[in-house]
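Novice: Can you read through this structure? Questions will come right after.
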Amino acid sequence: MPSKRLRSDSSVPSKQHGHAAPKPTVDELLAWQSRANKVSADFLKLDLQTALTFTQLALQAEDAVKRERNQRAARKAYDTILRLVGRVTLSDDEARSMGKSLERLRSDLIKLGEIL
């Protein structure tokens with residue numbers, strides 16, 4: 001007599017193989033939120049420095065194509081920073097530093113002919 005195979009129903013968790021992941025604790029969630037905020041703040045700082053580099057390259061460029069390309073990249077970064085900065089909690093020092101850098105970026109973009 002041929003042996004019968006039992007069909008495995010993958011939608012039903014097996015006691016042997018499938019264990020539900022433990023739910024994170026409040027402390028773990030807060031730690032994750034803090035790490036996510038730090039990464040976001042670091043991203044904004046890096047994006048701001050990159051945008052300032054693009055404006056400096058654009059201001060120094062003699063070639064119109066290079067100037068326009070760097071200006072576009074700086075403007076895109078500026079718009080991204082403005083869109084995301086409200087989602088990140090910054091320390092007073094970070095906010096002050098970022099505010100100064102954003103003002104410099106804004107000034108450079110205006111020098112390049114951007115209307116902000």
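Novice: Hey, which of the helices (runs of 4 or more DSSP H) in the range 21-116, taking only ones fully inside, have at least 3 residues that are of a type in the set (Lys, Arg) and in contact with a helix residue (DSSP H, G or I) (Cβ under 9 Å, 6 or more places away or on another chain)?
Specialist: Helices (runs of 4 or more DSSP H) meeting the threshold: 64-84, 92-111.
Novice: Just to be sure I understand the filter: pairs with C-beta atoms under 6 Å, separated by 6 or more residues or on different chains, first member in the range 33-58 and buried (at least 17 other Cβ atoms within 10 Å of the Cβ), second member among the acidic types (Asp, Glu) and modelled with pLDDT of 95 or more. Which pairs pass?
Specialist: Thr55/Asp108
Novice: Can you tell which of Leu82, Leu116, Leu112 is surrounded by 15 or more Cβ atoms within 10 Å (Cβ to Cβ) and either aliphatic (A, V, I, L, M) or at pLDDT below 95 (or both)?
Specialist: Leu112
Novice: Between Ala61, Ala74, Ala36, which is closer than 17 Å to Gly99 by Cα, of a type in the set (A, V, I, L, M) and modelled with pLDDT of 95 or more?
Specialist: Within the list Ala61, Ala74, Ala36, the selection yields Ala74.
Novice: Here is a further query. Restricting to the range 59-79, name every residue that is under 20 Å from Arg104 (Cβ atoms), surrounded by 12 or more Cβ atoms within 10 Å (Cβ to Cβ) and either within 20 Å of the chain's Cα centre (by Cα) or without any contact (Cβ under 8 Å) to a residue 40 or more places away in the chain (or both).
Specialist: Within the range 59-79, Ala61, Asn70, Arg72, Ala73, Ala74, Arg75, Lys76, Ala77, Tyr78, Asp79 qualify.
The values are calculated or read from the model by the stated rules, or taken from the named source; none is laboratory data. Bear in mind the structure is a predicted one, so any value in this text is a computation, not a measurement. Cβ atoms come from the backbone with ideal geometry, glycine included; neighbour counts cover every protein chain shown.
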